[in-house]
Structure formats: C-alpha cells, structure tokens
Amino acid sequence: MFSCALQGAVTEWAFVKGRGGALSTDNQAPSETSWDVEIYVDTGAVGAANAVSISGESINGSLAFELDGTEWIYDEEFQTEGAMDAKFPNNTSYTITLSGGTLGTLTQTVNVGVKAFPDVPYFTGSVYSDLQDFDPTVGFDFVFATPSGNADLTIIEIEANDDSPFEADVAASQTTISMPANALAEGQLYVGYADHVNVVPVSGAGGFGVDGNVGHTVYSRFDVDTTSSGSIIVCILIADLVERNFAQGKRLRHQSIVDASKA
C-alpha cells in the first residue's frame with residue numbers, strides 16, 4: 001500500500017468514543033450497556049515507533065498504547081458513560097506522542113469537541129427476527145430507523161473467528177444496507193454490529209502528517225444464526241461468541257469508521 005513500508009509513516013489515526021447495547025427484538029432500540037474509548041495510530045511498518053502515549057488535562061501523566069503489528073492501540077472499557085467522560089471528557093485537547101523508532105518523535109494534538117453521539121441503531125420490520133433463522137443463500141436487506149442529524153455514516157459489520165465476511169457502510173440519510181447472497185456461510189453463528197457514526201476530521205499538519213478522525217459511534221450488537229437451530233445450546237454459544245469477539249469486533253468497527261470516512 002505504501003512504498004515507504006520499511007521506513008514507516010503514520011498512515012491513519014483516530015480517537016473514538018463509543019457506546020452501545022445488544023438488540024433483542026424487532027423495532028426497538030436496545031438499552032446502552034457498554035462504553036469505551038479507543039485511540040490508535042498505524043505507523044505503516046514495524047519499528048517505526050518504540051512507544052506511543054496520550055496525555056491531557058484529565059489524564060494523570062500519560063497513558064501508554066500497546067503494539068499490534070504496525071498499529072499502536074489504547075483501548076479501555078467503562079462501566080458507565082460518566083466514568084468514560086471523567087477520564088476522557090469532551091471539549092478537551094489531548095496530545096498523542098510517538099517516539100523511539102525510525103520516525104523519531106512526532107506529536108499530534110487532537111481536540112475532542114462537543115459530545116455528538118447519534119441515536120442507538122435498530123432494525124425495522126422483521127429484520128432482527130429474520131436473522132435468528134437466516135438463510136445465507138439469498139440476499140438480505142438490513143433496514144434501519146432513520147437516525148438523528150448527528151449521524152454521518154451507518155455501518156453494518158458481521159464477524160466470526162476474528163474475520164469480517166461482510167462489511168458495508170452508507171450515508172446516514174439512507175436506511176438500507178444490502179448483503180448479497182452467500183456472503184455468510186451456512187451452519188455458522190455470527191455476531192453483527194450496526195453503527196451510527198459521527199465523524200469529525202482532524203488535520204495532521206504539523207503533527208502526524210496525515211489527517212485523522214474523532215468519532216462518536218453508537219452500536220447495537222446482534223446475532224446471526226445460519227444453523228437452522230433454535231435450541232438453548234445455540235443461545236449459549238451465541239452469548240459466548242459475543243463475549244469472545246467483542247474486543248476484536250470493536251477494533252474492526254472503529255477501523256471501518258476511518259475507512260468509511262475516506263470514501
């Protein structure tokens with residue numbers, strides 16, 4: 001993707017505040033039960049940085065990122081929105097510092113402005129029920145309730161085993177995302193995420209050299225069952241799948257915010 005892969009360069013970065021819940025019925029938004037912050041910087045090459053951290057007036061000292069491949073990630077989940085906002089308040093400037101590798105020291109300032117969470121996404125009609133006994137050999141339309149004016153994007157992502165066999169996004173003014181036949185396999189249990197996203201571009205001039213994003217995302221988890229079984233065993237497996245894939249799913253969804261905002 002980048003000819004300077006051995007040297008490295010910041011290719012993308014984002015600061016994302018998220019909240020959401022789990023769908024359990026048709027035509028109704030779920031209660032919010034999850035709150036999280038993820039901040040990440042992709043340096044494009046191993047060794048481009050030896051450390052990345054974030055600081056700000058609400059942070060005591062600085063917080064260290066963890067390295068995953070070429071991506072440096074800070075990820076934290078909270079029990080309440082108040083706890084999230086106490087540590088990472090809105091209307092606050094933060095400084096992300098990259099250091100120690102081939103890129104030297106780079107410092108990026110990011111202002112997280114007013115809180116701009118869209119509505120909690122939910123499906124209309126019988127979409128949720130249809131996904132509980134789903135035939136993947138036919139095409140399918142995910143139909144949403146229209147979100148508030150804060151939403152810029154609507155994203156659908158279906159995941160299993162650290163893979164994302166289907167992902168699509170549309171402008172939030174649209175209320176349908178279509179999935180083609182055979183995008184999913186028969187006999188599988190999947191976890192899906194529907195997101196309404198507010199994205200604010202942030203200039204990278206004088207910092208990382210590439211523009212990033214501040215995102216506020218509201219997501220609804222849902223399960224997709226292509227096993228043609230409604231037993232309690234399947235329900236238990238789905239619950240376990242949600243738990244195991246939650247962190248990976250959040251990462252993939254936040255990545256999709258960056259990708260979609262470039263479209």
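The values are calculated or read from the model by the stated rules, or taken from the named source; none is laboratory data. None of the values given here were measured: they were computed from a predicted structure. Note that we place each Cβ from the backbone using ideal geometry, even for glycine, and neighbour counts take in every protein chain shown. For accessibility, only protein heavy atoms count, side chains too; no ligands or nucleic acids. Shrake-Rupley method; radii C 1.70, N 1.55, O 1.52, S 1.80 Å.
Between LYS115 and GLN28, what's the calculated FRET efficiency when r is the beta-carbon distance and R0 is 22 Å? Round to 0.05. For R0 = 22 Å, the calculated efficiency reads 0.40.
Put a plus charge on the Cβ of each Lys and Arg, a minus charge on the Cβ of each Asp and Glu, and nothing anywhere else: the dipole of region 113-234 about its Cα centre is then about 460 debye. If the chain linking THR227 and ASP163 were pulled fully straight, counting 0.36 nm for each residue of separation and taking away their Cα-Cα distance, it would gain 21.2 nm.
Computed extension gain for GLU81 through VAL143, at 0.36 nm per residue and net of the alpha carbon distance, reaches 19.5 nm. Using a probe radius of 1.4 angstrom, the carbon and sulfur fraction of the accessible surface of region 89-202 is 46%. At a probe radius of 1.4 angstrom, the accessible area of region 1-127 per residue rounds to 44 square angstrom. Taking all protein chains as they are arranged and a probe of 1.4 Å, the heavy atoms of LYS115 leave approximately 90 Å² accessible to solvent. Computed with a 1.4 Å probe over protein heavy atoms only, the accessible area of ILE96 comes to about 0 Å².
Are there GluC sites (Glu not before Pro) in region 128-194 that DSSP marks as loop and that have at most 14 other Cβ atoms within 10 Å, and which are they? Those satisfying the criteria are GLU186.
A simple spin-label model places pseudo-atoms 7 Å from Cα toward Cβ; at THR105 and ALA51 they are separated by 1.1 nm. Largest first, the extents of the alpha carbon coordinates of region 101-154 on the three principal axes equal 52, 31, 15 Å.
Only protein heavy atoms count here; under a 1.4 Å probe, TRP72 has an accessible surface of about 20 Å². With a Förster radius of 41 Å applied to the beta-carbon distance between ALA64 and THR176, the computed FRET efficiency rounds to 0.45. The value given for region 59-215 is a Kirkwood hydrodynamic radius of 18.6 Å, derived from the mean inverse Cα-Cα separation.
Under the convention that each Lys and Arg Cβ holds +1 and each Asp and Glu Cβ holds -1, the size of the dipole of region 69-158 around its Cα centre is about 520 debye. The largest accessible area among THR11, THR154 belongs to the first residue in THR11, THR154, and the rest follow in falling order (1.4 Å probe, all chains).
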